[in-house]
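Enquirer: Have a look at the structure that comes next, please.
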Protein chains: 2
Amino acid sequence: MSTKISPLAPSVVPDLPPVPGVRFATAEAGIRYKGRTDVLLALLDPGTTVAGVFTRSRCPSAPVDWCRANLAHGTARALLVNSGNANAFTGKKGRESTALAAKLAAEVAGISETEVFLASTGVIGEPLDASKFGNVLADCADKATDSAWLEAARAIMTTDTFPKLATRTATIGGVQVTINGFAKGAGMIAPDMATMLSFVFTDAPLSAAALQGLLSRGVQGSFNAVTVDSDTSTSDTLLAFATGAAAQRGAPVIEAAGDRRLSGFRNALNSLLVDLAQQVARDGEGARKFITVKVEGAVSAASAKRVALSIANSPLVKTAVAGEDANWGRVVMAVGKAGEPADRDRLSISFGDIRVAHEGERAASYDEEAVSAYMRGDEVTITADLGLGRGAATVWTCDLTKEYVAINGDYRS
Amino acid sequence: MSTKISPLAPSVVPDLPPVPGVRFATAEAGIRYKGRTDVLLALLDPGTTVAGVFTRSRCPSAPVDWCRANLAHGTARALLVNSGNANAFTGKKGRESTALAAKLAAEVAGISETEVFLASTGVIGEPLDASKFGNVLADCADKATDSAWLEAARAIMTTDTFPKLATRTATIGGVQVTINGFAKGAGMIAPDMATMLSFVFTDAPLSAAALQGLLSRGVQGSFNAVTVDSDTSTSDTLLAFATGAAAQRGAPVIEAAGDRRLSGFRNALNSLLVDLAQQVARDGEGARKFITVKVEGAVSAASAKRVALSIANSPLVKTAVAGEDANWGRVVMAVGKAGEPADRDRLSISFGDIRVAHEGERAASYDEEAVSAYMRGDEVTITADLGLGRGAATVWTCDLTKEYVAINGDYRS
């Protein structure tokens, strides 16, 4: 865990209200780190539904396998997360470890193992000693409170330099509901999904199917639109839990994601997911600049997104931004290599509001001074208009600095 | 152009013999650099055939368009290359510039513009003032010699730290023929193709179709198997010229790439292309380690290559090698994200000859000391055996260092 906070961190950590039906506790189990919390236990009231989106890696971690299997039941009563060890690529030991972790959590919560969800983040390939959970879980269950959001977000951090939290409210059938979420992730970040863990909690009364529908769609424009280094983790996990407690205050139970009464909730959820995803990019390892890449005029939205990711993942674009150079030639290169329809002679590129290239050539005259001043800021927007159609997409990333290389290369030296 | 030579440069620059029918001269035209050559003119005897492979970028440079058009004629009499300006994304001015450059070269050589091939490398988006060629081409034509290989290789360098040359011989119908080549490229290097220019010359009597067939196949295991930073240039150009002069010594004229009499020549050409491609990876910007990635046991060769490129392009794998850490967890991650068939529990990973992971787990016991010693060397081979089939592929890359970021980000500061 780095001690220096990213210069792109939000200036204020939001204060999250309770979500009725959700309680937390954290603990120091000594999984790997010393002197910090590394275990999070969330307890969920009966009736809580669950949805999830996971890494598309062909080599997923053992906890990802575990969650995928339990998701079929649609209900959740506990979430157990640890940092320091990803329990990934640990073979048979990994499966034994998830089974033991779930058993221990089920025991202290008095629930079935099929209602326990697991996530692990940290080193890959080292066996996770799940018996360490046994030392702390009973105490966690005893002291769990509805207000430990910040502590929860801190316990799951690895190379993150700041905890990532967000909160939103919405109304369903005239009743206000809360959506809280937190996330971790700073490196090995790329769609699908950002290498990260993220957990969302709401008291809205939603069926598991409705929640899954909302989550699967929401992830496309948020966690699947953020990249730090194009590397995808074995452990990416986004879980959403809906306790349904708002039903006691008169909120209707919603069975389908397409229900019109969810429009406000859907917007609030999507906004929260974007907020968390952007916080992940803002904490990109070594990041000094937050980059928004907008692609317009593509033949389709899917094409626009592929071009945007090609730009956002280009080491040469990212190092140029680090060097505060509006190097649009590298943007052209990244558009060209995406393999999507593009016509050199229709392409326009802007940095911020300043158009530097238009219809295949350097823009006739633009204020070099103004561009330089713009690039010195710590938020940079690159817009590429392909001039072909109406497809548009936005993705977020950060610059590529020597610090990224130091964090990921110097850890042994 | 960097002044510090890559530590991975070959210890000896090969001495290239003449190729009958080929003469060179270089000049200082002041395109962008001062005090160094930046123009190369090659003159080719009548009857020279030509083949080419180009960038797959959707935004290719004007010279790439020019070469593609002329390739249809199948014959070449001159090659004009400049460094310092890529003449890419220069719109209508770019097309006018290539037309003028070809006209000037055709005039001094007394040939048709359709027999002139062009390549440019350097800054993107700046108009190239082709009239500068007019100041030097007549002198180049006068002083062209059959021995200026090293000068030719130097004139086309940009961020390269050493000139890249290779030579091979083969026999066709019992007659010895020569194949010489040189290349440039150090950044913006990825398939398809490596961001690079490369030119190959032979006195073998080959039809344009035969030469094209050999070149197109040869590029797959060489320039399309090397990556520095996953960025693909707008200007990638590989051209091969066959003067046919060996026919005067009795070599048969070969019309088809599949002709059995070409087996020795094909091997020699492929070996030369691999040699040049590896030199490009060895000169990867900031590189301190040359990495060979071998993937075995994939479901097909194509699948193996995609997995190998996923590993070779992973910033986390490349920074780990820079940090001299045999971080096989990151290799697992890169295998998983490739999107190709893979089974976590059958995967084995080796660094050099040391197997560090086997069938989905850390190998029971391996000599940590030996692995560390191996990683300190400047040549690292990573082998991933997927355990699924017989598909195999090899690609080459280099590590990702702070120096890469400095070269690509600090150039303005």
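Enquirer: With unit charges on the beta carbons (Lys and Arg positive, Asp and Glu negative) and the dipole taken about the Cα centre of the range B:1-132, which residue among B:Ser11, B:Cys59, B:Thr75 sits farthest to the positive side?
Expert: B:Cys59
Enquirer: What's the angle, to the nearest 10 degrees (0 to 90), between helix A:91-109's Cα axis and the longest principal axis of chain A?
Expert: The angle comes out near 60 degrees.
Enquirer: Among rounded, prolate and oblate, which fits chain B when a ≥ b ≥ c are the square roots of the eigenvalues of its C-alpha gyration tensor, a/c under 1.5 means rounded, and a/b larger than b/c means prolate?
Expert: Because a/c hits 1.5 or more and a/b exceeds b/c, chain B counts as prolate.
Enquirer: Tell me which B residue has its C-beta closest to the axis rotating B onto A, and the distance in Å?
Expert: Closest to the rotation axis on chain B: B:Lys402, 2.
Enquirer: Another question, then. Is the C-alpha gyration tensor of the range B:106-155 telling us rounded, prolate or oblate? Criteria: a/c under 1.5 is rounded; beyond that, a/b larger than b/c is prolate, otherwise oblate.
Expert: Oblate, since a/c reaches 1.5 and b/c is not below a/b.
Enquirer: With +1 on each Lys and Arg Cβ and -1 on each Asp and Glu Cβ, how big is the dipole of the range B:22-282 about its Cα centre, in debye rounded to the nearest 20?
Expert: With Lys and Arg at +1 and Asp and Glu at -1, about 320 debye.
Enquirer: Inter-copy label distances at B:Ser365, 7 Å along the Cα→beta-carbon direction, one decimal in nm, shortest first?
Expert: The projected label point of B:Ser365 is separated from its counterparts by 7.8 nm.
Enquirer: Local charge sum around B:Glu359 (other residues, Cβ-Cβ under 13 Å, Lys/Arg +1, Asp/Glu -1)?
Expert: Here the charged neighbours net out to +2.
Enquirer: Name the chymotrypsin sites (Phe, Trp or Tyr not before Pro) in the range A:333-413 that are in a loop by DSSP and that have at most 13 other C-beta atoms within 10 Å, would you?
Expert: A:Tyr411
Enquirer: Then there's this: Tell me whether the range A:290-409 comes out rounded, prolate or oblate; compute the Cα gyration tensor, take square roots of the eigenvalues as a ≥ b ≥ c, and use a/c under 1.5 as the rounded threshold.
Expert: Cα axes put the range A:290-409 in the oblate bin.
Enquirer: Between A:Thr145 and the same site in the other copies, what are the distances in nm, shortest first, taking label points 7 Å from Cα along the C-beta direction?
Expert: The projected label point of A:Thr145 is separated from its counterparts by 8.5 nm.
Enquirer: Exactly which GluC sites (Glu not before Pro) in the range A:338-413 are in a DSSP loop and have at most 16 other Cβ atoms within 10 Å?
Expert: A:Glu359
Enquirer: Then there is this: Ignoring everything except DSSP H segments at least 4 long, calculate the 222 nm mean residue ellipticity for chain A; use -39,500 (n - 2.57) per segment, divide by total residues, nearest 500. Intermediate results must be reported in sequence, preceding the final value.
Expert: Working: 12 runs with 126 residues, N = 413.
Helix-only estimate at 222 nm: -9000 deg cm²/dmol.
Enquirer: Further question on the same structure: Taking a label point 7 Å from Cα toward Cβ, how far is B:Ser300 from its twins in the other copies, in nm, shortest first?
Expert: 2.2
Enquirer: Among the listed pairs B:Lys164/B:Lys402; A:Lys34/A:Lys402; A:Lys34/A:Lys92; B:Lys184/B:Lys318, give every one whose C-alpha distance is greater than 32 Å.
Expert: Numbers: B:Lys164/B:Lys402 24 Å; A:Lys34/A:Lys402 28 Å; A:Lys34/A:Lys92 27 Å; B:Lys184/B:Lys318 22 Å.
Going by Cα-Cα distance, every pair falls inside the 32 Å limit.
Enquirer: Report for the range A:22-282 the percent antiparallel among DSSP-assigned beta bridges with both residues inside it, nearest 5.
Expert: Of those bridges, close to 70 percent are antiparallel.
Enquirer: Could I ask something else about it? Relative to the longest principal axis of chain A, what angle (0 to 90°, nearest 10) does the C-alpha long axis of helix A:263-282 take?
Expert: Helix A:263-282 sits roughly 70 degrees off the main axis of chain A.
Enquirer: Still on this model: List the residues, sorted by chain then number, that are 5 or more residues from B:Asp203 or on another chain and whose placed amide H is less than 5 Å from its amide H.
Expert: Amide H neighbours of B:Asp203, under 5 Å, 5+ apart: B:Thr178, B:Thr243.
Enquirer: Treat every Asp and Glu Cβ in the range A:93-189 as -1 and every Lys and Arg Cβ as +1, leave all other atoms uncharged, and give the resulting dipole magnitude about the Cα centre to the nearest 20 debye.
Expert: In total the dipole reaches around 320 debye.
Enquirer: OK, next. Straight-line reach only, C-alpha to C-alpha below 20 angstrom: list the lysines that B:Lys93 could link to, leaving out same-chain residues fewer than 8 apart.
Expert: B:Lys93 reaches B:Lys103, B:Lys132.
Enquirer: With angles folded into 0 to 90 degrees, how steeply does helix B:328-337 sit against the dominant principal axis of chain B? Use alpha carbons for both and round to 10.
Expert: In chain B, helix B:328-337 runs at an angle near 60 degrees to the longest axis.
Read-outs: derived from the displayed coordinates by stated rules, not from any lab. Values in this document were obtained by computation on a predicted structure and should not be read as measured data. Please note: Cβ atoms are built from the backbone with ideal geometry, for glycine as well, and neighbour counts cover all protein chains shown.
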